[in-house]
Amino acid sequence: MLGYSDDDIKNAAEIREWLTKQILEKQDEIEKIKITLSLIDSVLKQGSFKTAANLNFSKKFSTNEQNSEMNSLKKIPNQYQEKRRGDEERTEPRKQAFEETRLIKRLKDNTPVARFHVTPEEVIILLEDPIRLSIETPPFKSFFINRILQGMINKDLDKINQGQLSEAEIISYDIITENENKDILNKISIRNYKDKERINEIFNTAAWVLTRMLDKVDK
């Protein structure tokens, strides 16, 4: 393996494991969607129904819903900061109407690791008590920060160069650590995520990275 360090090989192996897991999860999602679609088809066959093309309000609702979602995305200047928690409470972020909340758990023992909150403005990943993970533990910086989040930033920068995006719309993030220990992760805040595809990518990679970090701590 001339030209590749042991760390490169190790990171490649970890990424391969994550990709394999993603394939299995997507296959499972596809099967569930097929089953749901089959059930819906069975219901529709039992009664009369109008197609979406004949429902005038359907298109109008979809357009209004999309416009509302796009207008809710606020333009926040891009910056990366590693912050300390300060006076913030670890247990929960500021009270706000979360659009979606998911729980990140370690699959082998169902240990709650973090809560994944989605608002129109940002994605918030808040570690659960008593989980304590150092930002220096691989593959947090090497994979989640440098490859996933920085990769999204690079894509946005390309769109800025092409005139498809303004600088105010570029994705940005904060890594917030414990006040008493700057290495211990408390919360990740990601702004200007823009679409559902990025939300899913952030969730899937964060879940894999955080559980891998927890596994290393438990060894």
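Do we find a residue being over 25 Å from Arg16 (Cα atoms) and of a type outside the set (Val, Ile, Thr) anywhere in region 212-219? No, every residue in region 212-219 fails to be over 25 Å from Arg16 (Cα atoms) and of a type outside the set (Val, Ile, Thr). Comparison of Lys196, Lys108, Lys216, Lys141 shows that the only residue that is more than 12 Å from the chain's Cα centre (by Cα), surrounded by fewer than 16 Cβ atoms within 10 Å (Cβ to Cβ) and either of a type in the set (Ser, Thr, Tyr) or within 19 Å of Glu25 (Cβ to Cβ) (or both) is Lys108.
The numbers here are math on the coordinates, done by the rules we state, and not lab data. Since the model is a prediction, treat every value here as computed from it, not as a measurement. All Cβ positions, even for glycine, are placed from backbone atoms using ideal geometry, and neighbour counts span all protein chains on display.
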